[in-house]
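Heads up, the thing below is written out as structure tokens.
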Amino acid sequence: MQRFAVLVGLTFLLAQPAQAFDPRPAPAPAGQGTVEVLFSPHDDIEAAILRALRGARRSIHVQAYLFTSRSLAAALIEARARGIRVEVLADYEQTARAENSRIPQLVEAGIPVALEVRYAAAHNKVILVDAAEPGGAVVTGSYNFTWSARTRNAENVLILRGNPAVQRAYLDNWRRHRAEALSYAEAIAPD
């Protein structure tokens, strides 16, 4: 009986038109723009991220697993004060239990923060600067936004500039995650 099911399944697959299954990966966004490659602790990744944040003209979108960096928190707050739209997504568990998390400070400064609760770990480390603009930037890699990542860990970051297709893909992904997340007030509200 099992052999019959396999033969029926195989016959079904072979009878399908060629376009029903395409083993090729989806096309990657076209390579354009620039790529800055950084490794900590040898390169000062935080300084490069600060330069990107300070260059924002319209928007900053953050996805963070851990966020304890005072300097990066201050730069986000400064950007908001300059009229830049700043929005943050963070991992719920890390935010709730990290005693040095800067997320509450961002909330106090009026920055919209949402916490990701759907995943075992919302492990993205991404900053999008002017992602909907032609000259925008995507900051991504293993680097958590922490002192340890800056000074003690072996980490990497890519800063991709001037590639609208990549920027759009990251912004679309950020929005998908935001749609599934809870606002900080909803997630942290006392029972």
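The values are calculated or read from the model by the stated rules, or taken from the named source; none is laboratory data. Keep in mind that this is a model prediction, so the values were computed, not measured. Neighbour counts are summed over all protein chains in view; Cβ atoms, including those assigned to glycine, are modelled from backbone coordinates with ideal geometry.
Pairs meeting the criteria (first residue in segment 25-40 and modelled with pLDDT of 75 or more, second residue of a type in the set (Phe, Trp, Tyr), beta carbons under 9 Å, at least 6 apart or on different chains) are 38/143; 40/143. Checked against (1) in contact with a helix residue (DSSP H, G or I) (Cβ under 9 Å, 6 or more places away or on another chain); (2) modelled with pLDDT of 90 or more; (3) outside any helix (DSSP H, G or I); (4) surrounded by 15 or more Cβ atoms within 10 Å (Cβ to Cβ), residue 123 passes all but condition (1).
Determine whether segment 168-188 contains at least one residue that is in contact with a Ser or Thr (Cβ under 8 Å, 6 or more places away or on another chain), small (Gly, Ala, Ser) and outside any helix (DSSP H, G or I). There is no residue in segment 168-188 that is in contact with a Ser or Thr (Cβ under 8 Å, 6 or more places away or on another chain), small (Gly, Ala, Ser) and outside any helix (DSSP H, G or I).
Residues in segment 111-120 that are in contact with a strand residue (DSSP E or B) (Cβ under 9 Å, 6 or more places away or on another chain) and assigned to a loop (DSSP other than H, G, I, E, B) were compared, and the one that is surrounded by the most Cβ atoms within 10 Å (Cβ to Cβ) is 111. Contact annotation: residue pairs with Cβ atoms under 9 Å, 6 or more positions apart or on different chains, pairing a residue in segment 69-84 that is more than 21 Å from residue 44 (Cβ to Cβ) with a partner that is buried (at least 21 other Cβ atoms within 10 Å of the Cβ) and small (Gly, Ala, Ser), are 82/56; 84/56.
Mind checking whether some residue in segment 61-74 is over 24 Å from residue 172 (Cβ atoms), at pLDDT 95 or above and of a type in the set (A, V, I, L, M)? Among the residues of segment 61-74, at least one is over 24 Å from residue 172 (Cβ atoms), at pLDDT 95 or above and of a type in the set (A, V, I, L, M), which makes the answer yes. Against the list (1) modelled with pLDDT under 95; (2) at positive phi, the condition residue 91 fails is (2). If I ask for residues that are assigned to a helix (DSSP H, G or I) and basic (Lys, Arg), which ones from segment 40-75 would you list? The answer is 51, 54, 70. In the set (1) surrounded by fewer than 23 Cβ atoms within 10 Å (Cβ to Cβ); (2) more than 12 Å from the chain's Cα centre (by Cα); (3) small (Gly, Ala, Ser), residue 141 fails one condition alone, (2).
Within segment 126-143, being assigned to a loop (DSSP other than H, G, I, E, B), over 14 Å from residue 155 (Cα atoms) and either among the hydrophobic types (A, V, I, L, M, F, W, C) or free of Cβ contacts under 8 Å to residues at least 24 places away in the same chain (or both) holds for 131, 132. Just one of the listed residues (104, 164, 134) is surrounded by fewer than 20 Cβ atoms within 10 Å (Cβ to Cβ), out of contact with any strand residue (DSSP E or B) (no Cβ under 8 Å at 6 or more places or on another chain) and farther than 22 Å from residue 54 by Cβ, and it is 104.
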